[in-house]
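**Q** Take a look at this one; I'll ask things after.
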Amino acid sequence: MLNWIEKRTGFVSMTKDFLTEDVPGGASYWYVFGSATLFCMIVQITTGIFLTFFYAPSAATAWESTRAIYLNPYTHFLLSVHYWGSSAMIALVFLHLLQVLIFGAYKSPRELQWVVGVLLLLVTLVLGLTGYLLPWDMDAYFASQVSLNITGLAPGLGPVIQHIAQGGGGMGTATINRFFGLHVWLMPAVLVLLVGAHLAIFRHNGSAGPVVDDPRKLKVGRFWPDQMFMDGAFSFIIFVIICFLAFAFPPYLDAKADPTKFFVPYPAWYFLSLFGLLALVPPEIHMGPMAIGTELIATIVVPTLFLVVVLLLPWLDRSRTRSFAARSGILWTTTLVVCVIVALSIYAQVTTMAKQAAAPASPPESVVLGAAEASTVSSAAAPAAATATNANGAKVFASNCASCHGAQGQGAPGAFPPLANNPVVTGDPNKVIGIVTSGLHGQISVAGMSYNGQMPAWKGQLSTKDIADVVTYIRAGLGSNHASAVTEAQVAGYKP
């Protein structure tokens, strides 16, 4: 059988070559981080695939489907493993890069291997960032809002990228769909391609081995069985730790995202240093008559310069050998940078916890999950009379409008105007149709209050029937609104 498979695929000889690969200096636990990272990637992909069976990506269903996952002990444990697995993977990629840096294994001919490794760290961070939003609870919403606002600070394409990522001027169903697509399809595909490239380059160059003056004097070991045993043992330990954390400390689900309420988010631990730097710098630096905003420097300029330096490290390091003495400057600089990152992370955690202590406390998870069921029943019963003949309008509103204007059309102070008890909404139907189809841009005033007036155009995104139904629902199903219905013919015949 093996001969038959070998003649047609060559898999047997490839496996043999892989298992009998030489390991300079013999097997070592210093080499386990790469294999453990690969194992965590497999865990993340596997658990992520199963979670998509239960998750529904929209503003009206994301939190509800996440809640359903929490209420089932098996899917809850699966989600917890995915949650802690992401942290483990990011930590292992970082440790792997740090180990490569300490050993000088980025030097010729392994420069591109280092670059691919840094890109792998960036992709895992993007995966963590995009996955953070998907539960659509208060923490996910406001933490992601901060990240999107930071993206918008970038000069040039920053606001454009923020608009594309959000799917419009505000966060809602389009934002969830974009983050879901990035998290489930695009970034995993890029991750797999980068891992494949990293392994191919590694196979071509071979292991760098320990730092010695004369590599020729190193004893040579084999990958099988010693190194493979160490890799497997370490990966198993990591898996046990992930399962323990998933069982003992499952992630907390906060109340459903509500942009009208005040909330202090807690960022993911791997972004704490960035938040710490942002909190540490003053709002502005005054240089004579000039005032320079520090948000751009702290969140865009410094991280970008740091990334460029890390990517170019193999070419910036002019030492001729991998010895520690020859690279003492880089090693001391690395130690300093790691200490600064840790210090900024601790500072961010302390300041964030202080802000959270001063803000209204989040309810216990049992209260959130228990109250959700009761609120779901009551909210379904309350608008039943108003939406009995317009169920589609209510559905379109929940999916596309509620995330900004609120589930009851109450709006958000200074950001999104209320739709309930709004004379403009209940006035000329053609004006409301125009706002929904063509969108809004610029400041607007409602009942003496000012709002940003940034609303995407839904023409082309929603059908004529959906627009007619949602306008009818807004005019007759929110607050004390009791205006006339809007027909498809009115929407189709509308002219600016």
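The values are calculated or read from the model by the stated rules, or taken from the named source; none is laboratory data. Keep in mind that this is a model prediction, so the values were computed, not measured. Neighbour counts are summed over all protein chains in view; Cβ atoms, including those assigned to glycine, are modelled from backbone coordinates with ideal geometry.
**Q** Take G131 and tell me if it is closer than 26 Å to F39 by Cβ, crowded, with 20+ Cβ neighbours inside 10 Å and small (G, A, S).
**A** On the way: closer than 26 Å to F39 by Cβ: yes; crowded, with 20+ Cβ neighbours inside 10 Å: yes; small (G, A, S): yes.
So G131 passes the test.
**Q** Could I ask something else about it? Check F275, F271, F247 and return the single one that is at negative phi, assigned to a helix (DSSP H, G or I) and surrounded by fewer than 18 Cβ atoms within 10 Å (Cβ to Cβ). Quick ask: steps written out before the conclusion?
**A** Numbers: F275 fails: surrounded by fewer than 18 Cβ atoms within 10 Å (Cβ to Cβ); F271 fails: surrounded by fewer than 18 Cβ atoms within 10 Å (Cβ to Cβ).
Every option except F247 fails the conditions.
**Q** How about region 307-318: which of its residues are in contact (Cβ under 8 Å) with a residue 12 or more places away in the chain and surrounded by fewer than 15 Cβ atoms within 10 Å (Cβ to Cβ)? Steps first, answer last, please.
**A** First, the residues of region 307-318 that are in contact (Cβ under 8 Å) with a residue 12 or more places away in the chain: 307, 310-311, 313-315, 317.
Within region 307-318, L307, W315 qualify.
**Q** Follow-up question, since we're still on this one. Checking the conditions here, which among G181, G156 is in a helix (DSSP H, G or I) and either hydroxyl-bearing (S, T, Y) or free of Cβ contacts under 8 Å to residues at least 24 places away in the same chain (or both)?
**A** Values: G156 fails: in a helix (DSSP H, G or I).
Result: G181 is the single residue among G181, G156 that is in a helix (DSSP H, G or I) and either hydroxyl-bearing (S, T, Y) or free of Cβ contacts under 8 Å to residues at least 24 places away in the same chain (or both).
**Q** Restricting attention to region 88-131, report how many residues are part of a loop (DSSP other than H, G, I, E, B) and either among the aliphatic types (A, V, I, L, M) or touching an Asp or Glu at 6+ places or on another chain (Cβ under 9 Å) (or both).
**A** Quick first cut of region 88-131, residues part of a loop (DSSP other than H, G, I, E, B) only: 104-110.
With either among the aliphatic types (A, V, I, L, M) or touching an Asp or Glu at 6+ places or on another chain (Cβ under 9 Å) (or both) added as a condition, the list becomes 104-107.
Of the residues in region 88-131, 4 are part of a loop (DSSP other than H, G, I, E, B) and either among the aliphatic types (A, V, I, L, M) or touching an Asp or Glu at 6+ places or on another chain (Cβ under 9 Å) (or both).
**Q** Hey, another quick one. Is it true that V160 is aliphatic (A, V, I, L, M) and either touching a Gly at 6+ places or on another chain (Cβ under 6 Å) or at pLDDT 95 or above (or both)? Walk me through it before giving the result.
**A** Details: aliphatic (A, V, I, L, M): yes; either touching a Gly at 6+ places or on another chain (Cβ under 6 Å) or at pLDDT 95 or above (or both): no.
So V160 does not fit the description; no.
**Q** Further, regarding this structure: Return the pairs, sorted by first residue and then second, in which the second residue is of a type in the set (F, W, Y) and surrounded by fewer than 18 Cβ atoms within 10 Å (Cβ to Cβ), the first residue lies in region 59-84 and is closer than 16 Å to E365 by Cα, the beta carbons are less than 6 Å apart, and the residues are 6+ apart or on different chains.
**A** Here the result reads I69/F54, each pair linking region 59-84 to a residue that is of a type in the set (F, W, Y) and surrounded by fewer than 18 Cβ atoms within 10 Å (Cβ to Cβ).
**Q** Could you please give the count of residues in region 199-208 that are within 19 Å of I102 (Cα to Cα) and out of contact with any strand residue (DSSP E or B) (no Cβ under 9 Å at 6 or more places or on another chain)?
**A** The qualifying residues number 2.
**Q** Further question: Filter region 166-186 for residues that are under 16 Å from the mean Cα position of the chain (by Cα) and surrounded by fewer than 20 Cβ atoms within 10 Å (Cβ to Cβ); which is modelled with the lowest pLDDT? Talk me through it step by step, then tell me what you get.
**A** We begin by selecting, within region 166-186, every residue under 16 Å from the mean Cα position of the chain (by Cα); these are 166-167, 171-186.
Filter again for surrounded by fewer than 20 Cβ atoms within 10 Å (Cβ to Cβ), leaving 167, 177-178, 181-182, 185-186.
Details: G167: 84, N177: 93, R178: 94, G181: 95, L182: 96, W185: 94, L186: 96.
Checked region 166-186; the qualifying residue modelled with the lowest pLDDT is G167.
**Q** Something else now. Go through (1) part of a helix (DSSP H, G or I); (2) touching a residue at least 40 places away in the same chain (Cβ under 8 Å) one by one and return the number of the condition G169 breaks.
**A** Only one criterion in (1) part of a helix (DSSP H, G or I); (2) touching a residue at least 40 places away in the same chain (Cβ under 8 Å) is unmet by G169, namely (1).
**Q** Can you give me the ranges of the helices (runs of 4 or more DSSP H) entirely in region 363-426 with at least 3 residues that are exposed (fewer than 13 other Cβ atoms within 10 Å of the Cβ) and at pLDDT below 65?
**A** Values: elements: 365-381, 384-387, 391-400, 402-405.
Answer list for region 363-426: 365-381.
**Q** Only one of L153, L218 is modelled with pLDDT under 90, over 22 Å from L120 (Cβ atoms) and out of contact with any helix residue (DSSP H, G or I) (no Cβ under 7 Å at 6 or more places or on another chain). Can you tell me which?
**A** Details: L153 fails: out of contact with any helix residue (DSSP H, G or I) (no Cβ under 7 Å at 6 or more places or on another chain).
Every option except L218 fails the conditions.
**Q** Given (1) under 28 Å from L121 (Cβ atoms); (2) of a type in the set (A, V, I, L, M); (3) surrounded by fewer than 13 Cβ atoms within 10 Å (Cβ to Cβ), where does I5 come up short, assuming only one miss?
**A** Every condition holds for I5 apart from (1).
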